[in-house]
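This structure is in structure tokens; I'll ask about it shortly.
The values are calculated or read from the model by the stated rules, or taken from the named source; none is laboratory data. Bear in mind that the values here come from a model prediction, so they are computed numbers and not experimental data. Neighbour counts run over all protein chains shown; Cβ positions are idealised from the backbone, glycine included.
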């Protein structure tokens, strides 16, 4: 094993352990003062188990204790959300506590008072964040493409990115997707990547294809790979599973739909980093196509918007960013991508980036919602 990788991993683990200990210490200070607890060892063991639950679940997943491993992964995922917001809440809370102490307030009063407010804020964030994650909305966009599309003058698209189907996001949430898409009544359904959450095993074992296969549209259902399909390293099995339920995965390919428009599907940008063949440039994908017809492109990561515009793509659909999933992470995704969520008109290109339908890590969304995108396309004479 690479020594540099081991050193980095140990450093990350030490920082993570330090932050978890800081949160645990604050929790103990609050609970022991409020309830007069004196079982510090039991409390420390519980915090340690919760803090390392996700890691324990990952390493024990392929053992006979898989149900326990799945439960640990779910608990650990929620801990990651606690970790992020506790790091934002606790330092100001500690500072306020020190100020109150300096002003002569009784320790029990300011610890319980400040601690209760901090706990309430954290609880509200987690409850609201869970609601945002499990209660999808439909977002609607209308675009005009100045091209003729055979006999079609309109097209209704349902688009859902970042399903992240696996241990945490499963059939229950997938049924919500099917219901939302059926409500849209689309002509075509497009899935721009990260359908899986890394490992294909729970997707197959829980027979999620039975629900996913209910996605039907007159002009078909098309998908592309995201980075998490490559992280799972089972792309051929993923393609075969989707093909069996009538979903075509476009791997640097295009499909001419109804002799009216093209759907172009790109491999994910991460393909070459996980032992797969790197993807082709957009110009090469377009070279055999009739560019007088509308060009709709699926590209999981919205990193090539300018290149897509320069190459004459009419509509680009992406996901990947989750809009940061948990604020203030959106401040990072805004800096990483020209468009991290929503709509952008760039030259002749209409670019739409979804915040995604599922979640990665904690099933919590703050500042974003689980969503299905409804796009009304009108083809107009140039």
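Take residue 15 and tell me if it is surrounded by fewer than 13 Cβ atoms within 10 Å (Cβ to Cβ), outside any loop (DSSP other than H, G, I, E, B), at pLDDT 95 or above and under 25 Å from the mean Cα position of the chain (by Cα).
For residue 15, the condition - surrounded by fewer than 13 Cβ atoms within 10 Å (Cβ to Cβ), outside any loop (DSSP other than H, G, I, E, B), at pLDDT 95 or above and under 25 Å from the mean Cα position of the chain (by Cα) - is met.
Related question: So which residues in the stretch 64-102 are farther than 26 Å from residue 115 by Cβ, outside any loop (DSSP other than H, G, I, E, B) and free of Cβ contacts under 8 Å to residues at least 40 places away in the same chain, if there are any at all?
66, 67, 68, 69, 71, 72
Hey, another quick one. Please work out which one of (1) in contact with a strand residue (DSSP E or B) (Cβ under 9 Å, 6 or more places away or on another chain); (2) assigned by TED's automatic domain parsing to the domain that holds residue 75; (3) surrounded by fewer than 16 Cβ atoms within 10 Å (Cβ to Cβ) is the condition residue 127 fails and give its number.
Result: residue 127 passes all but (1).
Now for a separate question. Would you mention how many residues in the stretch 232-268 are surrounded by fewer than 19 Cβ atoms within 10 Å (Cβ to Cβ), within 23 Å of residue 322 (Cβ to Cβ) and modelled with pLDDT of 95 or more?
0
How many residues does the stretch 328-365 contain that are within 21 Å of residue 180 (Cα to Cα) and touching a residue at least 24 places away in the same chain (Cβ under 8 Å)?
Qualifying residue count, the stretch 328-365: 14.
Shifting gears a bit: For residue 219, are the conditions met, namely being farther than 22 Å from residue 355 by Cα, touching a helix residue (DSSP H, G or I) at 6+ places or on another chain (Cβ under 9 Å) and surrounded by fewer than 22 Cβ atoms within 10 Å (Cβ to Cβ)?
So residue 219 does not fit the description; no.
Now, a different point. So, of the residues in the stretch 278-295 that are assigned to a loop (DSSP other than H, G, I, E, B) and touching a helix residue (DSSP H, G or I) at 6+ places or on another chain (Cβ under 7 Å), which turns out to be surrounded by the fewest Cβ atoms within 10 Å (Cβ to Cβ)?
278
Is it true that some residue in the stretch 54-63 is in a loop (DSSP other than H, G, I, E, B), surrounded by fewer than 16 Cβ atoms within 10 Å (Cβ to Cβ) and not assigned by TED's automatic domain parsing to the domain that holds residue 200?
Taking every residue of the stretch 54-63 in turn, at least one turns out to be in a loop (DSSP other than H, G, I, E, B), surrounded by fewer than 16 Cβ atoms within 10 Å (Cβ to Cβ) and not assigned by TED's automatic domain parsing to the domain that holds residue 200.
Which number in (1) in a helix (DSSP H, G or I); (2) under 30 Å from residue 289 (Cα atoms); (3) over 26 Å from the mean Cα position of the chain (by Cα) marks the one condition that residue 110 misses?
(2)
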